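Take a look at the structure below.
We did not get these values from a lab; they are worked out from the coordinates using the rules stated. Predicted model only: the values in this text are computed from it and were never measured. Please note: Cβ atoms are built from the backbone with ideal geometry, for glycine as well, and neighbour counts cover all protein chains shown.
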Amino acid sequence: MRRLVEARARHLGFEALRVTRPDAVPDLPGRLGAWLEAGAHGTMAWMAERADQRAAPTTLWPGVRSIIMLATNYGPESDPLDLLLRKDRGAIAAYAQRRDYHDVVKGRLKELGGYLSAKGDARVKVFCDTAPVMEKPLAQAAGLGWQGKHTVLLSRAHGNWLLLGAIFTSAELEPDPPEADHCGSCRACLDICPTDAFPAPYRLDARRCISYLTIEHASPIAAEFRGRIGNRVFGCDDCLAVCPWNKFSQVARDARMAARAEFDAPPLSDLAGLDEAAFRGRFAGTPIKRTGRDRFLRNVLIAVGNSGDPALAPSAERNLIDAAPLVRGMAVWACGQLLEARACRALYERHGIGETDPHVRAEWRAALDRSGTPAETLP
């Protein structure tokens, strides 16, 4: 049965398959509990709401006897760090430059699960980042790789460009041995982080992580992080891209997971002009669409402000009258970064007087203060 399932998995496009037991990570409840207690999950309330199921697979499904962990390669064609030098372009995380992996991988998991159920007379449940499953610790327990100091799964065969999926089954399958840690004394992933999101090796504080801030965080991004975000408009690949184990990685060849050319370094001026319809049309079927237009424009305008290019100022100015306060606020910030004091004051007199949203008013005050012409009064 194991050989049949592995052959089917390769046919479906999975890079690797390993098996573990549901009780293979006995310290998981304590590790998860400590992380949540520290508040390191930020506003991701869903991490805590079903923590009992997340920490114990048998709580999620009492019938599980074996867990099949599978990996899909999404290795990028070029070094994501190179794009950070092109300040007038938007940097999109490698996994998001293609079709939403939730859809692709989940479909393949269902097909493989159905195959196992038919051949092995076993019950199955499939998961791909859509349920309270701790995929990375389970993948390490199964031997797919190990969680590096950046907390992402690493493989000696594929680096860290892997997407994970899980099949819970009632079948009794022989488990694989866990993978040992091979990070050694390397600190590359910790040292490159622009926002110091790793308080210690193997610990991530999501509240400081650019991926969290640009994707999961729904509110305005704190001023202390904006400059460090650079031109990253969706996610961040820094800690992954710098890992030495990527010397063994391969470019993804899966046609259904191929990167889309229009997502490789899109001009910030184009992204800043997206209305709701254009945003949905451009990012349909990708992870970016799930974040929503307003949150994405917030990120784009931060990148515009970080560009240092006054020629991009009109891209920000057009958004000073956007319907969403989240967008207007970041448009004010971007203008304040790019324009001289007189021009910033003129924009305030044209658009800022009468602003009622507290966040946007605060951004106007800060922008004018930086320019040396404070706003004496705001209605």
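Numbers below:
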item	result
Most mobile listed residue (Gly63, Gly30, Gly305) in the chain, GNM with C-alpha springs under 10 Å	Gly30
In region 10-80, GluC sites (Glu not before Pro) in a DSSP loop with at most 16 other beta-carbon atoms within 10 Å	Glu77
Most mobile listed residue (Ala366, Ala241, Ala139) in the chain, GNM with C-alpha springs under 10 Å	Ala366
Kirkwood hydrodynamic radius (C-alpha pairs) into Stokes-Einstein, region 129-209, 37 °C and 0.692 mPa s, D in µm²/s	234
Among Gly165, Leu190, Leu320 - extreme Cα towards positive end, dipole of the chain, charges at beta-carbon	Gly165
Cysteines, the chain, no other Cys beta-carbon under 4.7 Å	Cys128, Cys183, Cys186, Cys193, Cys209, Cys236, Cys243, Cys335, Cys344
Helix 358-371 vs. the chain, principal-axis angle (Cα, 0 to 90°, nearest 10)	60
Label corresponding to semi-axes √(5λ) of the Cα gyration tensor in Å when calculated from the structure given, among (i) 46, 26, 15; (ii) 40, 22, 18; (iii) 43, 21, 19	(iii)
In region 34-70, the trypsin sites (Lys or Arg not before Pro) that fall in loop regions by DSSP, at most 14 other Cβ within 10 Å	Arg50
Check: the chain dipole with +1 on Lys, Arg Cβ and -1 on Asp, Glu Cβ, in debye	740
Per-residue [θ]222 nm for the chain (sum of -39500 (n - 2.57) over DSSP H runs n ≥ 4, rounded to 500)	-10500 deg cm²/dmol
Note, ³J(HN,Hα) from phi for region 129-141, Karplus 6.51, -1.76, 1.60, rounded to Hz, x at Gly and Pro	6, 10, 8, x, 10, 8, 4, 5, x, 5, 5, 5, 4
Restricting region 276-360 to trypsin sites (Lys or Arg not before Pro) in coil, as DSSP defines it, with at most 13 other Cβ within 10 Å	none
For Thr43, Thr169, order by how many other beta-carbon atoms lie within 10 Å, fewest first	Thr43, Thr169
Two-site FRET efficiency, Arg342 against Ala188, from Cβ-Cβ distance with R₀ of 35 Å, rounded to 0.05	0.20
